[in-house]
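Written below as structure tokens is the structure these notes are about.
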Amino acid sequence: MSLEEQLKQLRNKFLHEIGRAKNIQALSDLEIKFLGRKGEMSRILKGLKNLSGEEKPKIGALANELKNQIVNDLNKASQVIKGEAKEELIDLTLPGKKVMYGRLHPITLVKNELADIFTSMSFMVLDGPEAESDFYNFESLNIPPYHPARDMQDTFYLKDGNVLRTQTSNMQVRAMQKYGPPLRAVFPGRVFRNEATDASHETNFFQFEGLMIDKDINIGNLVATMQELISGVLKKQVEVRLRPGYFPFVEPGFEMDVECLNCGGKGCPVCKHSGWVEIFGCGLVHPNVLKYGGIDPKKWSGFAFGLGLNRLVMVKYGINDIRLFMSGDLRFLKQF
Amino acid sequence: MKVSINWLKKYVDIPNNSLKPNELALKLTLSTMEVEDVIDMSSALKGVVIGKMVEIKKHPNADKLHVAKVDVGNKMIQVIFGQVVKLKVGDMLPIAVAPVTLPTGTNIKKAKIRGIESEGMCCLDSELGISEEDKVTFFTDKVKPGTPVADAMNLPRDVILDIENKSITHRPDLWGHIGMAREVAAILGKKLKEPKLLPVKTKKELDLKVEIKDKNACPRYIGIAISGIKIAPSPVWMQKLLSSAGIRPINNIVDITNFVMLEFGQPMHAFDIRQIEGGKIIVKKAQSGQEFITLDGQKRQLTSEDLLINDTKRAVALAGVMGGLNSEVKDDTKTIILESANFSPVVIRKTSARLNLRTEASARFEKSLDPNMAEKAAVRAVNLILEIIPGAYVSSKIADINYSKSKKIKIKLDLDFLQKKIGEKIPDKKVIEILKNLEFKVNKSKNFLSVEVPGFRAMRDVSIPEDLVEEVSRIYGFQNIKSSLPQIQIKKPELDKELALERTVKNFLVGANFAETYNYSFMTEKDAKIFGYNEKNLVELKNYAAADQRFLRPCLVPGLIKNAEHNLPYFDEIKLFELGRVFKNEPGEYKTGKGDGFLPNQPKRLSGIIVSKNSKDLFFSAKGIVESLAQYLNLNISFKDNDYLWVKNRQGLEVVFNGKPLKHNYVYLFNRQVYDIKAEAAIFDLNFTQLAKLPVEQKKYSPIPQFPEIKRDLAVVTGENILWADVKNEVAAADPLIKGIEYLSVFSNAGLGMNKKSLAFSIIFRSDKRTLLSEEVDQIIKKILKRLEEKFGAKLR
């Protein structure tokens, strides 16, 4: 090791040890250890005589500088210990410099998560009109005029005879017509219901619909895909259960419940003491709907599902009032 | 719909001990429909007994209160009561013995009232939840003190399943207890015991005629005259079951028609024959504008789409919806005409929807009933009337006009198809058993089942093999089906460019400290006026519920302004954006591509608002966002003058991307004379739909400069009307070694002279071939200053 390196090492060693010196005695011990006649500095400088004439002054200067630093440090330390000098006090508990950043709406966050899950399973993500024809919102979904199922959704009608879509299912036949089979697509979007608002009902809310058309799609496939979806969003394995649900555009049709995350399925007000929260409607695509989409139901089959994004977001973050989503309140929006 | 478990037990064995009502409810939820609630009626009034007033004294410390000693059977308690109802010694009435919770939610505890202890409460009917009236039901001495009030009042000891009606929209058969019992039987693997129907013996005393003038609206009508009627209360067992199912008992005839409706799901009606002119029933459409007073006393305006039951002179019932006030059964009715009919679901639904008159009958008819059910129900009702009213007899022939075509649906079910749809093999034996329990007739040949659908499932409900897949799988149990992810061919999903850009843009704005918001798609009438919209250009709703839902929003900005206003009390600076659709009263996409009209044009906008209580130059903050966004998206951006209502002090520009002006891209300072939000606000409002269609050029790398640059700051004094953009262009054109010009500041003061301003900027010089010399740059600066002086009269400051 060169002398220069040795000096550097000495410096580091000194800094390390002075950091631990708690009293004056320790400081004077350090002074003797490093600068005394038989101290470490002297020991290193014994090597000077072996150096060339050019190097000698350079190392000498370096040693001098180091010696001064050590003396200086020892003085400062002794002053601090004696209480004579104030060390520059920095309050490290002060907050860091604030970085300002915005927020995505929680609906967007979860919508993106879902879209990513389905993109990874090679589903397209598609968008569609919110002011929609009766045909795509109802008729092509096997809900003819005056069908009682129209009662299931309180519809906003426009003066021109169109409707505000009551469900993202309006995209099913649109997607079938545009892309044909096989087809894998999801449709997130805003939907509308003409009903009185309260903590769990809104006129404007968001759904996430999915459609898969292929050969030999079965109920087991549907259940497995839905399980992927739920565990993907909630980031853990949760219990789900399937029960019959009536939607005219699927046959058979199901409601899918997830175990209540609020109470872990024991029963609480959130789940109306049932232990389950209803999140999805789903089922195998009704052959009539396939026909409307120009797809031969003898050759192709498929499943569809639709979930209320608001409900899912509420379960995920523990939000208790659906109206917050449309409130534009930054005290809400900045929490995500 | 409320389903009584006691009632179900008439038709199916439900084991009392091994299957609790909650478990039955769960089984039904998992296999048939959603049971929303399980209500135990017997526990509802537990702790309320009949008490006898033994002694009544005035409360020593309160004028209006009394202290009573009450015998509640096993003990004597002290109860304090007020003066809502006068009570005297010897009265027998319902007493809540503390501690107890009443059905209304009131907690009764032992408590001192003005110093005297009260150990219970005298109960009004309203407090027991058995009626709305503030009166006391008194009992006679026949009832022993201490008798539970539920027994004394004959309240049903029953458990009620409250069914979510939406979940049985497609199942008219489930709107009666027999249908429900059939499901229970199939789920439990038990036998269904339908009530025995006895043949009806008729006398021909009366000549009852039925005529149907509109067979589409009324495919079948059965009328039967029954004489020897004595109106009286119906038997207690029937009253109890009706009460359980939420129907108020009225009298034997009305109760029997309701009972049969709740049994078979077939609504019925009874007329007093004295009110039926000419002894003839005529079913026909109403005259447009005809008025009719329904049983509830309401006068209804009818149209030619409504169906009426008439006699030879006038209308007597609004078919399938509600009877008429003029023909209802009275206390002295001796002969009735019993109606059991089948009406078109569409006709009933239209009428009930238009009149906003939803009844038990209309709810059932609109779901499409089996015409054969009308006959079954008629026979059942006659059987019950004859059984319950001694002396009653059928006094006419059964007038049955039947235009319905009996519809036999046979489905060929391929067992491979079944397996393919379910994803696993359910043993054939099990499949057949399930279908038979649901009353499908099944024949197996080779790998096929020939399945005949029972009439009560054949109207709309079951018609294709897929429907049978559901029947089999739900009774088999969805939880028993193994799940497996679908096997698919890998294919790269097509990317929706607009949605992809949405994410990019949103992420950019979040990085720029904007919070995303979603506002309602509506615009209020008031806002339409405030923000200066012509109603003709707005998309209007037909059935909006509140005035704030009359129009669809034509722009995102008013919503953002309102958001900012809402947040101002809590924040000094607000940055919000929304990306969403706006709606214009002009043709957008085709409705269906079949030439049947258009949807409203509904482009997406990207709009943002910056509001600050402190900072100035908000316009430039908004402009900066747009400029940076363009750079981020690799779009060329420029601006054009623009000025309109919402722009304050001409601080507004139209944004031009890639040199081509597109409709509706603005950045501006908001004019608070339009709507005052108590702080300065800057807006950017971009036509996202068009933005997303712009061709985006791939970003290209340009080599990092090899030679150092020289940067010089320059400040010149010019006339205040000289624009930065012009100065910049002039500088840029001075020499090819100029590689960049950056704005620094502008200011004006008295020292500069009248109408003068100082404009400061940096210029970057660089050569790609060599290191520039300072002297070279000095020369160029001179050249620049000369040009600026010649062009703008600018001088070095």
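The values are calculated or read from the model by the stated rules, or taken from the named source; none is laboratory data. Treat the numbers as computed from the prediction; the structure is a model and nothing was measured. Quick reminder, even Gly has a Cβ in these numbers, built from the backbone with ideal geometry, and neighbours come from all protein chains shown.
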Checklist entry - If you go through region A:265-276, how many residues are closer than 19 Å to A:ILE322 by Cα and more than 12 Å from chain B (Cβ to nearest Cβ)? => result 4
Next on the checklist: Tell me the residue from B:SER463, B:SER483 that is assigned to a loop (DSSP other than H, G, I, E, B), surrounded by 13 or more Cβ atoms within 10 Å (Cβ to Cβ), hydroxyl-bearing (Ser, Thr, Tyr) and at the interface with chain A (Cβ under 8 Å from one of its Cβ atoms), please.
Outcome noted: B:SER483
Checklist entry - Filtering region A:236-259 down to residues that are hydrophobic (A, V, I, L, M, F, W, C) and crowded, with 23+ Cβ neighbours inside 10 Å, which residue is nearest to the other protein chains (Cβ to nearest Cβ)? => result A:LEU242
Checklist entry - Just checking, how many residues over region B:121-152 are without any contact (Cβ under 8 Å) to a residue 24 or more places away in the chain and part of a loop (DSSP other than H, G, I, E, B)? => result 4
Checklist entry - Any residue in region B:317-324 that is part of a loop (DSSP other than H, G, I, E, B), more than 14 Å from chain A (Cβ to nearest Cβ) and surrounded by fewer than 17 Cβ atoms within 10 Å (Cβ to Cβ)? => result no
Next on the checklist: Condition first: surrounded by 15 or more Cβ atoms within 10 Å (Cβ to Cβ) and either touching a Lys or Arg at 6+ places or on another chain (Cβ under 6 Å) or assigned to a strand (DSSP E or B) (or both). Now tell me which residues in region B:292-307 satisfy that.
Outcome noted: B:PHE292, B:THR294, B:ARG300, B:LEU307
Next on the checklist: Here is a list: A:GLY39, A:GLY96. Which entry is of a type in the set (Gly, Ala, Ser), more than 30 Å from A:GLY308 (Cβ to Cβ) and within 48 Å of the chain's Cα centre (by Cα)?
Outcome noted: A:GLY96
Checklist entry - Among the residues of region B:332-349, is there at least one that is surrounded by fewer than 19 Cβ atoms within 10 Å (Cβ to Cβ), assigned by TED's automatic domain parsing to the domain that holds B:GLY278 and closer than 14 Å to B:ILE253 by Cα? => result yes
Checklist entry - So which strands (runs of 3 or more DSSP E) stay within region B:625-694 end to end and still have 2 or more residues that are closer than 21 Å to B:HIS566 by Cα and of a type in the set (Lys, Arg)? => result none
Next on the checklist: Please go through (1) at negative phi; (2) within 33 Å of the chain's Cα centre (by Cα); (3) in contact (Cβ under 8 Å) with a residue 24 or more places away in the chain for B:LYS299 and return the number of the only condition it doesn't satisfy.
Outcome noted: (3)
Next on the checklist: Just checking, does region A:136-148 include any residue being aromatic (Phe, Trp, Tyr) and surrounded by fewer than 24 Cβ atoms within 10 Å (Cβ to Cβ)?
Outcome noted: yes
Checklist entry - Given A:ASN194, A:ASN262, which one is within 12 Å of another protein chain (Cβ to nearest Cβ) and touching a residue at least 12 places away in the same chain (Cβ under 8 Å)? => result A:ASN194
Checklist entry - If you scan region B:690-739, which residues turn out to be within 20 Å of B:SER638 (Cα to Cα), in contact with a helix residue (DSSP H, G or I) (Cβ under 9 Å, 6 or more places away or on another chain) and either among the polar types (S, T, N, Q) or surrounded by fewer than 15 Cβ atoms within 10 Å (Cβ to Cβ) (or both)? => result B:LYS693, B:VAL696, B:ASP726, B:ALA733
Checklist entry - Hey, among the residues in region B:566-578 that are of a type in the set (Asp, Glu) and over 30 Å from the mean Cα position of the chain (by Cα), which one's farthest from the other protein chains (Cβ to nearest Cβ)? => result B:ASP572
Item to check | Residue ID - nearest to B:GLY423 (Cα to Cα), chosen from residues in region A:251-298 that are modelled with pLDDT under 80 and in contact with a helix residue (DSSP H, G or I) (Cβ under 7 Å, 6 or more places away or on another chain) | outcome: A:LEU261
Checklist outcome for this item: Given (1) more than 32 Å from the chain's Cα centre (by Cα); (2) assigned by TED's automatic domain parsing to the domain that holds B:ASP332; (3) acidic (Asp, Glu); (4) under 30 Å from B:GLY391 (Cβ atoms), B:ASP214 misses just (4)
Checklist entry - Which ones in region A:290-308 are within 11 Å of chain B (Cβ to nearest Cβ) and not in a loop (DSSP other than H, G, I, E, B)? => result A:LEU290, A:TYR292, A:SER301, A:GLY302, A:PHE303
Checklist entry - Has region B:409-418 got at least one residue that is in contact with an Asp or Glu (Cβ under 8 Å, 6 or more places away or on another chain), among the β-branched types (Val, Ile, Thr) and under 30 Å from A:LYS299 (Cα atoms)? => result yes
Checklist entry - Tally time: how many residues in region B:85-114 are out of contact with any Leu (no Cβ under 9 Å at 6 or more places or on another chain), in a loop (DSSP other than H, G, I, E, B) and among the β-branched types (Val, Ile, Thr)? => result 2
Next on the checklist: Of all residues being acidic (Asp, Glu) and farther than 29 Å from B:GLU471 by Cβ in region B:128-175, which is farthest from the other protein chains (Cβ to nearest Cβ)? Just the residue, please.
Outcome noted: B:ASP141
Checklist outcome for this item: For region A:212-235 the number of residues that are free of Cβ contacts under 8 Å to residues at least 12 places away in the same chain and either within 19 Å of B:GLU466 (Cβ to Cβ) or more than 7 Å from chain B (Cβ to nearest Cβ) (or both) is 3
Next on the checklist: Being in contact with a strand residue (DSSP E or B) (Cβ under 8 Å, 6 or more places away or on another chain), more than 10 Å from chain B (Cβ to nearest Cβ) and either farther than 16 Å from A:PHE208 by Cβ or surrounded by 23 or more Cβ atoms within 10 Å (Cβ to Cβ) (or both) is the requirement here; does A:VAL285 meet it?
Outcome noted: no
Checklist entry - Counting only residues that are charged (D, E, K, R) and more than 9 Å from chain A (Cβ to nearest Cβ), which one in region B:579-593 is farthest from B:ASN519 (Cα to Cα)? => result B:GLU586
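Quick grid of which residues meet (1) free of Cβ contacts under 8 Å to residues at least 12 places away in the same chain; (2) touching a Gly at 6+ places or on another chain (Cβ under 8 Å); (3) not in a helix (DSSP H, G or I):
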| residue | (1), (2), (3) |
| --- | --- |
| B:ILE178 | no, yes, no |
| B:ARG182 | no, no, no |
| B:LYS190 | no, no, yes |
| B:LYS193 | no, no, yes |
| B:LEU198 | no, no, yes |
| B:VAL210 | no, yes, yes |
| B:ILE222 | no, no, yes |
| B:PRO233 | no, no, yes |
Item to check | Evaluation of B:LYS536 against (1) within 22 Å of B:LEU686 (Cα to Cα); (2) part of a helix (DSSP H, G or I) (one fails), failing number | outcome: (1)
Next on the checklist: Can you find, within region B:739-753, the residue that is farthest from B:PRO705 (Cα to Cα) among those that are aliphatic (A, V, I, L, M) and in contact with a Lys or Arg (Cβ under 9 Å, 6 or more places away or on another chain)?
Outcome noted: B:LEU752
Checklist outcome for this item: Exactly one of A:LYS76, A:LYS111, A:LYS98 is away from chain B (no Cβ under 14 Å) and either out of contact with any strand residue (DSSP E or B) (no Cβ under 8 Å at 6 or more places or on another chain) or modelled with pLDDT of 90 or more (or both), and that residue is A:LYS76
